[in-house]
Each structure stands twice: as structure tokens, then as C-alpha cells.
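Every read-out reported here was derived from the displayed coordinates using simple, explicitly stated rules and does not represent laboratory data. Not measured: the values here are computed from a predicted model. Positions of Cβ are generated from backbone atoms using ideal geometry, with glycine treated the same way; all protein chains shown enter the neighbour counts.
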Ligand SMILES: [Fe+2]
């Protein structure tokens, strides 16, 4: 019988690895801890970054009222789109400067938290947000940032990633740097109760993509491996129940933990070709990030597994798939199961339905190969490889 325990010695754990996370406060009712976190970081005049959807939920007034009751001066900026755009970050930064703020509390999904990171970069480093594309370009320490996610998926509350929509070039820009890890992540599963099933599915499949890409990444370590395997085991078995009823406390708590651990894994291991290929599609079609990932992921798994199926054998075991057959057969079955799971939660199965056309593929291919996430993909793709994966996913 095949072992279900990953062979960590064979997975390169003789390398030096670092593991960086914020202070994490997690559990039902954790939002009550936001004022103590803000005060502990020395904030006096803070800006809440949210979006229009969040402002209409109970979570925004709960956080704002608690912060004011704690004696903090609070202003807010909520003009943020689902894929945050560079001009929105410039406008939010102007607001931050005009109100002479000294810290940021982000309440929302990945887009809101990424926009907050963008403001924090500009507050201490100046310039324009798109100048920071790439790795470690923001060198001056950022003002304090508390992140309270209201979706279970992006992992931005614990990650060193900030994704910005470059509307002129119609692509998404990946900004990575250790300075971008928030100071405190406050993960309250109660805040997931107001999610729509559609966003629950998109963000949940994003979290599952993070587990798979972090585990297969060339920058993985034992610490990221254990987080990724725990997260996929939890998320895989909770996502359908959660999408069926985002107010289900048990499923919401499981998905909150899955997204959190997946975030801890991928911020340290980085990602791979799914995210590298997803970002240009998101910029071109303004389609939901998690839905694009879910379409691309089975194709990327098959492409990577043709060279080395072993990470996917471990992941298949973690979600309870049969260990029968060759490693290549198990990896192929895992890719099929990922596609089935995405379909079961109502996500599309082709990029065409998200607005991608065949004549977009040359530009998408060029942009995907330049994305920072491509560097840690376990297989080095040629332009022809990337174009073929896009074509298969159409
Ligand atoms: Fe993602």
C-alpha cells in the first residue's frame, strides 16, 4: 500500500527556509479585538478601507463604532472595486494624506486588503503604485496595518502579496514584499455570514488553489507543506456546505481556517503558473480571480504533473482520494477531482465563458510569463506551453 505521509526528505527540507506571518487573532467574535490591535500599533487617526458592499453589512459599523468608542479618530474610504484599480489606490492615498492618518484598518475581501496595502506603500514610499511591480520594491517600512477579512479565500490578511489592476495595460500587477505582510490579521468566521454563495465559491476555490500551488512550489518548506496539507484537507471537505449556506457556522469556521492556513503557506512558498496565468485574464476581462483560477488549475496540474506528479500524489492523499495506480494516474485523478469540485460549487469550466477570446492568447501568454508567480512554478514553461494551456482551458 502506498504511504500517505509525504516524503519530506525528498521534498528538499535540507534548504534554509523562512516563515513569516502577522500576529493572528482568529475565532468567532474576533472583530471585537480590532481596537486593541490598532491601539497596540500606536494608531491615533486611522483610515478604514472597505468597499461599498462591506459598508452595507453589519461588520463595517461594528468595527467603526468599536474603534470610535476606544477613542480613535476614524475616517473611511470605500470606493474600491472587486479588482482594485491603480487610480482607486491613488484616491484612497489622497484621503489618507488629507486626514493625516497614521494607520489603516482593512475590513473586506482580498481586493480591499490589497488596496489598503497599496495605500500603505504610497504613504511611506511615495510615487505611484504601479512602480512597485515585482519583488521587494517598497523598501521603507509601511504604516501599521490591521486586516480583517470578510471572505474566506484571498489570504491577503496574512500575505506579502498585493495585486493591483493596471487599467491602462489591462493586466493585473503583482507586488510582493515582506513589508506588505499586515501587522495583525483578525479572522472572524462570523464575518463570513453575509457572503453570497457565488463569492463564497470563488474565494473558496482561490484558497484551494493557494494550497495546491504552495505545496507544488519550488520555494516550499516543511512549514508551508504542513499548512498547505492541513488547509486543503479542511477546505476540500467544507467548501460545498459553506457555499450551500455561508451562514453555516461550522462550515464558515472551517473555511476561515482553511483560507488562513492556505495564506500562511502561499505567502512563504509563493505560487505558480495558475496564478501567473490568472492575473492577466483578470486584468483583461475583470472576471473574479477565484473563478479564473478554478478553470486554469486542473490544466496546470496536468502540465506540471507530466514532469513530476509527486506533489499532487500527496495532495490527493490529503483530500482522501484513492492511492491506487501510478503516481501519474493519481495526479491525473486529482486534477479531475479539482475540476469536479469547482463545477459542484457552480464555477465555470472554460475561460471563454469568462470573456477570454482566442485572439487574446498571445498577449495573455506574454504577460503570464512575466508574472512574479511564474518563477516558483515547479516546471519552467515555454511560451508554447503557456499558450497551449490557455487554449485547452478556453
Ligand atoms: Fe489567489
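How would you classify segment 261-375 from its alpha-carbon gyration tensor, with a ≥ b ≥ c the square roots of the eigenvalues: rounded for a/c under 1.5, else prolate if a/b is greater than b/c, otherwise oblate?
prolate
For segment 172-243, which semi-axes, largest first and in whole Å, follow from the square roots of 5 times the eigenvalues of its Cα gyration tensor?
Numbers: eigenvalues 103, 61, 34 Å².
Rounded to whole Å, the semi-axes are 23, 17, 13.
Calculate the FRET efficiency for residue 363 and residue 36 from the Cβ-Cβ distance with a Förster distance of 35 Å, rounded to the nearest 0.05.
It comes out at approximately 0.15.
Ranked highest first by the average count of other Cβ atoms within 10 Å around their residues, in what order do 108-120, 183-195 fall?
Top of the packing list down: 108-120, 183-195.
How large is Rg over Rh for segment 35-100, taking Rg from the Cα atoms and Rh as the Kirkwood inverse mean of 1/r across Cα pairs?
Here Rg/Rh amounts to 0.98.
When N is the residue count of the chain, what does its C-alpha Rg come to as a fraction of 2.2 N^0.38 Å?
0.93
Can you tell me the length gained on complete extension of the stretch residue 130 to residue 98, counting 0.36 nm per residue apart and subtracting the Cα distance? Mind showing how you got there, number by number?
Values: separation 32, 0.36 × 32 = 11.52 nm, distance 2.16 nm.
My answer for the length gained is 9.4 nm.
Could you state the angle between the C-alpha long axis of helix 327-344 and the longest principal axis of the C-alpha atoms of the chain, as a value from 0 to 90 degrees rounded to the nearest 10?
Helix 327-344 and the main axis of the chain meet at about 50 degrees.
List, largest first, the extents of the alpha carbons of segment 123-281 along their principal axes, each in whole Å.
Principal-axis extents of the Cα atoms in segment 123-281, largest first: 44, 33, 30 Å.
Please list the three semi-axes, largest first and in whole Å, of the ellipsoid equivalent to segment 299-347, using sqrt of 5 times the eigenvalues of its alpha carbon gyration tensor.
Equivalent ellipsoid semi-axes, largest first: 18, 13, 8 Å.
Could you tell me the center-to-center distance, by alpha carbons, between segment 179-225 and segment 302-365 in angstrom?
Rounded to whole Å, the Cα centres lie 18 Å apart.
Any chance you could list the semi-axes, whole Å, largest first, of the equivalent ellipsoid that the Cα gyration tensor gives for segment 30-187, using √(5λ)?
Values: eigenvalues 103, 51, 41 Å².
Equivalent-ellipsoid dimensions as semi-axes: 23, 16, 14 Å.
Distance from the Cα centre of segment 31-92 to that of segment 253-277, in angstrom?
Each part reduced to its Cα centre gives a spacing of 24 Å.
Just grab the label-to-label distance for residue 198 and residue 394, each label 7 Å out from Cα along the Cβ direction, in nm (one decimal).
Those two pseudo-labels are separated by 2.6 nm.
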